[in-house]
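The values are calculated or read from the model by the stated rules, or taken from the named source; none is laboratory data. Please read these numbers as outputs of a predicted model, since none were measured by experiment. Ideal geometry is used to build each Cβ from the backbone, glycine not excepted, and the neighbour counts take in all protein chains shown.
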Amino acid sequence: MVNTLAPETTERAPHPTRAAAGALGGRGRARRRQAVVAYLFLAPALLFFAVFLALPLGFALLLSMSRWTGFDLGDIDPVGLDNFTGLFADGSTFLTPILTNTLLFALGTVALALAGSLLVATCIDKLRFQGLWRTLYFLPIVTTVVAVGNVWKYMYEPGGLVNGVLNALGLGSVAFLQDPDTALPAVVVVQAWASVGSAILVLTAGLKSIPGSYYEAAALDGAGPGTVFLRITLPLLRPALLFVCVTQFLTGLQSFALIIVMTKGGPGDATDVAALEMYRQAFSHGDWGTASAAAFVLFTVVLAITLAQLWIFRRKGEDA
């Protein structure tokens, strides 16, 4: 006979709130473990960033508001903003001609390199053996700046190749690197020539990414080469052009090695630029405070111009 009065053994379902809390807690612990593992993998890169970027940046900021000769850390003398005000004080050459030369050098380099690379990339895109042509134009990039500067320096001499060509055309010789009026443009040409190769690689890749159907549709509509270039090629090359403009401008603003090899900032101060002035202040005059202040001024200029370029290209893209 079955005992109907015996208690039933039924299992209670877990409380829904407690179950949800347990599941959330488990997911939270899993995410924390994943975060720890991720930071362990990132630790070498973060350490490299801290040692070679964050710490030097903080030390440079300290020096920009101090007076230091570069030997004993105990001799660092805080001076506030005196180094910055000294850069723009009456009689200072930092604003004119140094910073002016820097901007002109960067603008000239961007204009020549962008125009030349766009022309060459468009031509290469229509030729056979494109890899060979890209390699030939890229060779100046892998050549040391010292070699490039010395070769062009001799080519600019009164008896050099450039003046030889001018003489063959019935024109007189030009003292390119000895004349203050021609020294900066002459170095700009060399810098643009040396940087055309990298710009060509970027622009040829951009040209390859443009669908051929656009050109076929334009041909069916009877569009000429100029219209196709202005209405199709240039708008679709905007990302590549933006990259080339920003990188070339940054390179031009920070240029140092080519100028010191070719002109050492001369004649006079015709080719003196911000990076060269920072080098002189720190290593020649022992004024690390002024050099650090000039570095932060140049950083501000670079940041402002880069943001302006990004804004202009983005606005043009929205308008298009």
### Query
Quick one: what pairs do we get from the range 124-143, first residue in contact (Cβ under 8 Å) with a residue 40 or more places away in the chain, second of a type in the set (Lys, Arg) and in a helix (DSSP H, G or I), C-beta under 9 Å, 6+ apart or different chains?
ILE124/ARG134; ASP125/LYS208
### Message
So, in the range 274-320, how many residues would count as being farther than 25 Å from VAL79 by Cβ, of a type outside the set (S, T, N, Q) and in contact (Cβ under 8 Å) with a residue 12 or more places away in the chain?
### Response
6
### Task
Return the residue satisfying two criteria in turn: it lies in the range 83-126 and is surrounded by 15 or more Cβ atoms within 10 Å (Cβ to Cβ) and closer than 16 Å to ALA291 by Cα, and of such residues it is nearest to the chain's Cα centre (by Cα).
THR102
#### Entry: Residue count, the range 273-320 (criterion: farther than 21 Å from THR69 by Cβ and over 20 Å from the mean Cα position of the chain (by Cα))
6
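Provide a single number: the residues in the range 61-78 that are assigned to a helix (DSSP H, G or I) and surrounded by 17 or more Cβ atoms within 10 Å (Cβ to Cβ). Steps first, please.
First pass over the range 61-78, keeping only residues assigned to a helix (DSSP H, G or I): 61-64, 73-75.
In the following step, the residues that additionally are surrounded by 17 or more Cβ atoms within 10 Å (Cβ to Cβ) were identified as 63-64.
Total satisfying the criteria: 2.
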### Query
Which of the residues spanning the range 40-58 are more than 23 Å from the chain's Cα centre (by Cα) and either modelled with pLDDT under 90 or among the hydrophobic types (A, V, I, L, M, F, W, C) (or both)?
LEU40, PHE41, LEU42, ALA43, LEU47
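Of VAL228, VAL190, VAL196, VAL246, which residue is touching a residue at least 12 places away in the same chain (Cβ under 8 Å), under 19 Å from LEU112 (Cα atoms) and surrounded by fewer than 19 Cβ atoms within 10 Å (Cβ to Cβ)?
That would be VAL246, the only listed residue that is touching a residue at least 12 places away in the same chain (Cβ under 8 Å), under 19 Å from LEU112 (Cα atoms) and surrounded by fewer than 19 Cβ atoms within 10 Å (Cβ to Cβ).
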